[in-house]
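Participant: For reference, the structure I am asking about is given below.
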Amino acid sequence: MRQHAAILLLTAALFGGCCVEAPPADGTLYQTSTINALLEGVYDGDVTVMELKARGDLGLGTFNGLDGEMVVLDGEVYQVRSDGKAYLATGDMRTPFAAVTRFRPGRAHAVVGVKSFADLTGLLDAMAGSANLPCAVRIDGAFDYVKVRSVPKQMRPYPKLAEVTKTQPVFEHRGVQGTLVGFRLPTYVAGVNVPGWHLHFIDDARTVGGHLLDVRTRSAAAKVQQASALHLDLPTSRGFLQADLTGPRAKELHRVEK
Ligand SMILES: [Zn+2]
């Protein structure tokens, strides 16, 4: 059993209920390449959108050439380009970094009173169970405010991600219905993925979205699922093989995620 009484007590206390269950912990997080490779400018991968879909139906990432933010929702893969608009990705497109899971969550939790990204992640922490397992989340609802960014397609020689995000296009949406998807990763994944919460947004009409920077909710519901297995696919491209992946990059990562 991976569900511990302590987690049950903690979530029950935070939500004021007596019987809040720990999230299901039987998922597998599938990931291609590493966040440090992306930071280094390794923007071309070999996994196709079709292959990614076979690994999961919910997740996030980017596309070859750093051509926008990826949102994976209900088995569809969307590309939010640097114009902030969402397009359906085709199966032959490739990704240099993505994470997906087959999302089979527990029951929905109400998301109320969220006035910031920190508010939201605080609430999600209380429903996500032990921080030592990866956790996938999906939040559906009405959002008073969503601030997202995308990234523009890059040309070779590729600049590092921190250079690209200095001029990232940012979009604000008010009074929008939509969905947030993403993951909380344990601190020990540093270098491989993004420790903490990483969320991408797409609206109900699947027309706009991006990497979440800030949020205020009106009424929303979150579902979570923990993963007790990681499947890491590593590229064998020259770009990946020759990248310097040795140093700690926590500060650089913090800059590009905000
Ligand atoms: Zn992102």
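The values are calculated or read from the model by the stated rules, or taken from the named source; none is laboratory data. Small disclaimer: the values here were computed from a predicted structure and weren't measured. Note that we place each Cβ from the backbone using ideal geometry, even for glycine, and neighbour counts take in every protein chain shown. Areas reflect the complete protein model, heavy atoms only, side chains present, ligands, DNA and RNA absent. Shrake-Rupley method; radii C 1.70, N 1.55, O 1.52, S 1.80 Å.
Participant: Given the options Val112, Ala227, Leu245, identify the residue whose Cα lies farthest towards the positive end of the charge dipole of the chain (+1 on Cβ of Lys, Arg; -1 on Cβ of Asp, Glu).
Facilitator: Val112
Participant: Another question, then. Determine which lysines satisfy two conditions relative to Lys223: a Cα distance under 26 Å, and not lying fewer than 8 residues away in the same chain.
Facilitator: Lys53, Lys85, Lys115, Lys147, Lys258
Participant: Okay, next question. To two decimal places, what compactness ratio does segment 62-148 give when its Cα radius of gyration is scaled by 2.2 N^0.38 Å?
Facilitator: So segment 62-148 has a normalised radius of gyration of 1.25.
Participant: Charges only on Cβ, +1 for Lys and Arg, -1 for Asp and Glu: so what's the dipole of segment 117-247 about the Cα centre, in debye to the nearest 20?
Facilitator: For segment 117-247, the charge dipole is close to 300 debye.
Participant: On each of the three principal axes of the Cα atoms of the chain, give max minus min coordinate, whole Å, ordered largest first.
Facilitator: 56, 40, 34
Participant: How much net charge surrounds Tyr87 when only other residues with a Cβ under 15 Å from its Cβ are counted (Lys, Arg +1; Asp, Glu -1)?
Facilitator: Value of the local net charge: -2.
Participant: With a Cα-only, solvent-free Debye model of segment 144-207, what are the log10 I(q)/I(0) values at q = 0.20 Å⁻¹?
Facilitator: Taken in order of the listed q values, log10 I(q)/I(0) reads -1.01.
Participant: If you place +1 on the Cβ of every Lys and Arg, -1 on the Cβ of every Asp and Glu, and leave all else neutral, what size is the dipole of segment 23-90 about its Cα centre, to the nearest 20 Debye?
Facilitator: Dipole size: approximately 80 debye.
Participant: If I take every Cα pair under 8 Å that is 6 or more residues apart in segment 25-126, average their sequence separation and divide by the length, what percent do I get for the relative contact order? Intermediate values should be presented prior to the final figure.
Facilitator: Working: 186 pairs, mean separation 33.2, N = 102.
Across segment 25-126, relative contact order equals 33 percent.
Participant: Report the convex hull volume per residue for segment 128-172, counting only C-alpha atoms, in Å³. Mind showing how you got there, number by number?
Facilitator: Working: hull volume 7.0 nm³, N = 45.
It comes to 155 Å³ per residue, whole-number rounded.
Participant: Students often check this: by mean Cβ neighbours within 10 Å, which of 188-197, 152-161 ranks highest, and how do the rest follow? Don't jump to the answer; show the numbers that get you there.
Facilitator: On the way: 188-197: 18.5, 152-161: 14.9.
Descending packing order for the listed peptides: 188-197, 152-161.
Participant: Pairs of alpha-carbon atoms within less than 8 angstrom and 6+ residues apart define the contacts here; what relative contact order does the chain have, in percent?
Facilitator: 28
Participant: May I pose another question? Which percent of the accessible area of the chain is formed by carbon and sulfur heavy atoms (probe 1.4 angstrom)?
Facilitator: Working: 6110 of 11330 Å².
Ligands and nucleic acids excluded, carbon and sulfur give 54 percent.
Participant: Continuing with this model, one more query. Using Cα pairs closer than 8 Å and at least 6 residues apart in sequence, work out the relative contact order for segment 165-212, in percent.
Facilitator: Answer for segment 165-212 is 31 percent.
Participant: In addition: Mind jotting down the distance between the C-alpha centroids of segment 177-219 and segment 61-125, whole Å?
Facilitator: Distance between centres, Cα-based: 6 Å.
Participant: Let me ask something else about it. In units of 2.2 N^0.38 Å, what is the alpha-carbon radius of gyration of segment 151-258? Could the numbers behind the result be given before it?
Facilitator: On the way: Rg = 16.4 Å, N = 108, 2.2 N^0.38 = 13.0 Å.
Rounded to two decimals, the normalised Rg is 1.26.
Participant: Which order do the peptides 220-230, 80-90 come out in when sorted by mean C-beta neighbours inside 10 angstrom, highest first?
Facilitator: The most tightly packed comes first, giving 220-230, 80-90.
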